[in-house]
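Enquirer: Take this structure first; my questions come after.
The values are calculated or read from the model by the stated rules, or taken from the named source; none is laboratory data. Just so it is clear, the model here is predicted, and its values are computed rather than measured. Positions of Cβ are backbone-derived with ideal geometry, glycine not excepted, and every protein chain shown enters the neighbour counts. The protein model used for the area step is the full one, side chains on, heavy atoms only, and it has no ligands, DNA or RNA in it. Shrake-Rupley method; radii C 1.70, N 1.55, O 1.52, S 1.80 Å.
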Amino acid sequence: MSDLLISAPPEAERVKGPGVLRQLMTKPTSAVAIVILTVLVCFALFAPWIAPFDPSQASAGPRLGAPEAAHIFGTDLHGRDVFSRVVWGARYSLPVGAATLLLGLFAGGALGLALGYIGGRFDAVGARVVDVLLGFPAIVMAILAVSVLGVGLVQVVIAVAIADIPKFARVIRGATIVAKQNLFVESASAMGASTARIIVLHVLPTILPTVILLGTLNLGGAILSTATLSFLGLGVQPPTPEWGTMLSDGREYIRYAPWMMIAPGLALFLAIISVNLIGDRVSEIIDPRSQGRL
Amino acid sequence: MTYFLRRILALVPILVLTWSAVFFVFEAIPGDPVNLMLAGVPASEEVIANERARLGLDKPLMERYISFLGRAAVGDLGESFRTRAPVTEMILAQIGPTLQLAAAGLVVGLAMGLLLGVLAGLRPGTSLDTVCTFAALAGSSLPSFWTGMVLIYVFGSILGWVPIVGLGIDALILPAIVTGLFIAGDFARLVRSSIIDASRQDYIRTARAKGLPPIKVVGKHALRNALIPPVTMLGISLSNLIGGAVVTENVFARPGLGTMLVEGVLNKDMPLVQALVVYTTAAYLIINLLVDILYGLIDPRIRHARMAPR
């Protein structure tokens with residue numbers, strides 16, 4: 001879906017850092033999203049000072065205790081404070097999602113750039129393979145990657161990044177093909193510039209807005225996918241206070257201690273929707289064609 | 001007809017390519033399959049050697065590769081490390097609940113997406129549009145496994161309206177909603193932009209100018225044309241549905257291929273995982289072919305363009 005929005009690369013000169021932020025704040029939904037995301041990022045940065053308890057300290061309160069003044073989100077099976085675990089969870093869930101996105105963007109981008117720039121038969125075959133992989137359920141591909149790599153935090157980052165490669169490669173390939181047709185690329189090549197120089201100095205800056213857009217539109221998905229794998233028991237392992245893992249713990253106690261799953265799930269949802277709202281707004285700002293669609 | 005035949009034949013190289021990838025990916029997994037199969041149970045050298053011979057592991061790589069492709073084509077993908085039952089039989093036994101869930105999820109997801117998308121697209125820029133667009137975004141931002149748990153808690157535990165476990169139709173309601181959410185948000189956004197595009201066309205203005213009632217303008221003219229892009233997305237949606245079913249089954253502890261896949265990975269039951277991937281790729285490619293055919297049926301222009309003699 002996201003790649004449909006950005007089939008043509010937006011004009012580079014429209015991206016201006018401070019301007020984008022100012023425009024983000026002018027719309028209530030994206031302004032609220034920025035506030036929520038800032039709070040969650042503060043959780044991640046200052047977890048030891050914000051969390052009232054050690055996230056792994058057993059018997060910080062009663063076992064499966066309902067929310068009360070001392071434990072506003074209740075306590076879990078081992079009497080650990082759920083609020084503290086949610087705060088610390090931001091330290092795992094957000095960076096894991098971001099690392100996954102960056103890795104996938106880098107690998108997929110490199111592939112897309114190579115396909116688009118080199119072209120010819122290499123591109124014809126490569127693009128077909130990417131198309132086939134693109135339709136394959138990403139979560140199944142990530143699970144397959146986990147079955148090869150094994151279970152764990154680093155493995156889940158790599159697994160989800162691999163599953164995202166086709167999506168990124170396709171969009172970057174398209175953008176590269178358009179960028180290559182610019183006169184300045186042609187003249188650089190005519191002047192005898194090396195391929196590496198053309199890619200780094202001429203093609204990359206041209207497709208940069210597309211890359212930024214892809215990143216902002218897919219960060220939410222990356223956070224969601226990594227949390228999903230952890231929920232399935234294939235990613236971050238307990239007792240790490242990661243949101244997906246906490247939800248997996250809470251699944252057994254939905255009836256007796258629903259607070260175990262309410263708070264981490266809400267944190268995950270808020271993180272994803274704020275990132276998505278910001279991504280949508282950024283795409284409106286960068287891509288003039290979608291401007292004014294709301 | 002030759003068009004369809006060509007399309008079907010074109011599937012063969014793609015299947016061979018993906019199955020080759022699957023074979024070599026599994027070859028790359030560290031650890032001897034026989035050791036994985038024994039799962040730590042001590043065994044004599046002779047037993048291990050016999051088992052390797054029985055599984056054909058003593059043959060050279062290329063021979064095993066060719067044999068794998070042949071067996072994949074006829075659905076003989078070996079036996080599960082854990083149950084020792086043929087994996088194809090195990091999968092066939094569990095495919096029913098998954099298909100049921102995917103079908104129900106598709107219906108619910110399309111209904112939700114169509115409703116939100118049409119409501120938003122008919123009055124772009126209004127507060128109705130803003131609400132619907134936000135709902136669609138919220139839908140695709142919800143972690144489905146969490147939504148599932150919240151629904152179980154509210155409708156199963158507190159209200160007691162639906163059973164939480166079981167395979168009856170009433171136990172399918174909540175899982176269908178959760179699976180539907182995987183496609184509803186994206187579908188709604190696409191329907192919305194498609195309707196907005198379609199309603200700017202000349203034939204809509206003509207239909208309005210003729211004095212057709214708005215319901216007819218939307219139903220007969222706008223919707224039919226607006227549905228073409230979303231239908232092409234169905235193929236991608238279906239792969240999201242398969243992914244959604246994997247997660248939903250785990251949340252609701254339903255039997256099915258998704259539960260089987262996750263258990264297979266956790267138990268390192270490689271033949272089972274391998275077979276699930278082989279069949280998913282085949283199913284996905286066939287579904288996409290069907291979507292392409294459906295696309296031609298909705299839009300006669302495409303069908304005729306393809307049928308035209310070269």
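Enquirer: Any residue in region B:141-161 that is over 15 Å from A:Arg251 (Cα atoms) sitting within a Cβ distance under 7 Å of a residue that is at pLDDT below 85 and not in a helix (DSSP H, G or I)? List the pairs, counting only those 6 or more apart or interchain.
Expert: B:Phe155/B:Trp161; B:Phe155/B:Val162
Enquirer: Within region A:161-170, restricting attention to residues that are within 12 Å of chain B (Cβ to nearest Cβ) and open to solvent by less than 20 Å² (accessible area, probe 1.4 Å), which residue is nearest to the chain's Cα centre (by Cα)?
Expert: A:Ala163
Enquirer: Tell me which residues, restricted to region A:115-148, are under 20 Å from A:Gly221 (Cβ atoms) and more than 7 Å from chain B (Cβ to nearest Cβ).
Expert: A:Val130, A:Asp131, A:Leu133, A:Leu134, A:Met141, A:Ala142, A:Ala145
Enquirer: State whether one or more residues within region B:280-301 are at pLDDT 85 or above and touching a helix residue (DSSP H, G or I) at 6+ places or on another chain (Cβ under 6 Å).
Expert: No, the conditions are met nowhere in region B:280-301.
Enquirer: For the structure I just gave you, tell me whether A:Ile172 is closer than 18 Å to A:Ala114 by Cβ and part of a helix (DSSP H, G or I).
Expert: yes
Enquirer: Quick one: which helices (runs of 4 or more DSSP H) sit completely within region A:53-155 and have at least 2 residues that are surrounded by 21 or more Cβ atoms within 10 Å (Cβ to Cβ) and touching an Asp or Glu at 6+ places or on another chain (Cβ under 7 Å)?
Expert: A:82-118
Enquirer: Within region B:257-268, take every residue that is more than 7 Å from every other protein chain (Cβ to nearest Cβ) and modelled with pLDDT of 85 or more and give me the one that is most open to solvent (accessible area, probe 1.4 Å).
Expert: B:Glu263
Enquirer: Just the residues that are under 23 Å from the mean Cα position of the chain (by Cα) and within 21 Å of A:Met246 (Cβ to Cβ), please, taken from region B:153-180.
Expert: Of everything in region B:153-180, just one residue is under 23 Å from the mean Cα position of the chain (by Cα) and within 21 Å of A:Met246 (Cβ to Cβ), namely B:Val178.
Enquirer: For region B:9-19, give me the residue count where each residue is more than 9 Å from every other protein chain (Cβ to nearest Cβ) and touching a helix residue (DSSP H, G or I) at 6+ places or on another chain (Cβ under 7 Å).
Expert: Result for region B:9-19: 4.
Enquirer: Looking at region A:203-232, which of its residues are open to solvent by 20 Å² or more (accessible area, probe 1.4 Å) and not aliphatic (A, V, I, L, M)?
Expert: A:Pro205, A:Thr206, A:Thr216, A:Gly221, A:Ser225 - these are the residues of region A:203-232 that are open to solvent by 20 Å² or more (accessible area, probe 1.4 Å) and not aliphatic (A, V, I, L, M).
Enquirer: Only one of these is more than 9 Å from every other protein chain (Cβ to nearest Cβ) and modelled with pLDDT under 80: B:Leu234, B:Leu238. Name it.
Expert: B:Leu234
Enquirer: If B:Arg254 satisfies every condition in (1) within 11 Å of another protein chain (Cβ to nearest Cβ); (2) at pLDDT 75 or above; (3) closer than 30 Å to A:Gly250 by Cα but one, which is the exception?
Expert: The failed condition is (1).
Enquirer: Now for a different question. What are the pairs, 6+ residues apart or on separate chains, where a residue within region B:283-297 that is within 14 Å of chain A (Cβ to nearest Cβ) has its Cβ under 6 Å from a residue that is surrounded by fewer than 16 Cβ atoms within 10 Å (Cβ to Cβ) and in a helix (DSSP H, G or I)?
Expert: Correct list of pairs: B:Leu285/B:Leu11; B:Leu289/B:Arg7.
Enquirer: Okay, next question. Restricting attention to region A:9-22, does a residue exist that is within 14 Å of chain B (Cβ to nearest Cβ) and at pLDDT below 80?
Expert: The answer is no; no qualifying residue exists.
Enquirer: Let me ask you something else. Is at least one residue of region B:161-183 within 8 Å of chain A (Cβ to nearest Cβ), in a helix (DSSP H, G or I) and open to solvent by 10 Å² or more (accessible area, probe 1.4 Å)?
Expert: no
Enquirer: While we're looking at this one, here's another question. Which one of B:Arg71, B:Arg84 is out of contact with any Ser or Thr (no Cβ under 7 Å at 6 or more places or on another chain) and at positive phi?
Expert: Of B:Arg71, B:Arg84, the one residue that is out of contact with any Ser or Thr (no Cβ under 7 Å at 6 or more places or on another chain) and at positive phi is B:Arg84.
Enquirer: A further question on this structure: Looking only at residues that are under 17 Å from A:Ile262 (Cβ atoms) and more than 7 Å from chain A (Cβ to nearest Cβ) in region B:133-149, which one is surrounded by the fewest Cβ atoms within 10 Å (Cβ to Cβ)?
Expert: Once the filter is applied, the top-ranked residue is B:Thr147.
Enquirer: How many residues are surrounded by fewer than 24 Cβ atoms within 10 Å (Cβ to Cβ) and within 13 Å of chain B (Cβ to nearest Cβ) if we restrict to region A:233-247?
Expert: 2
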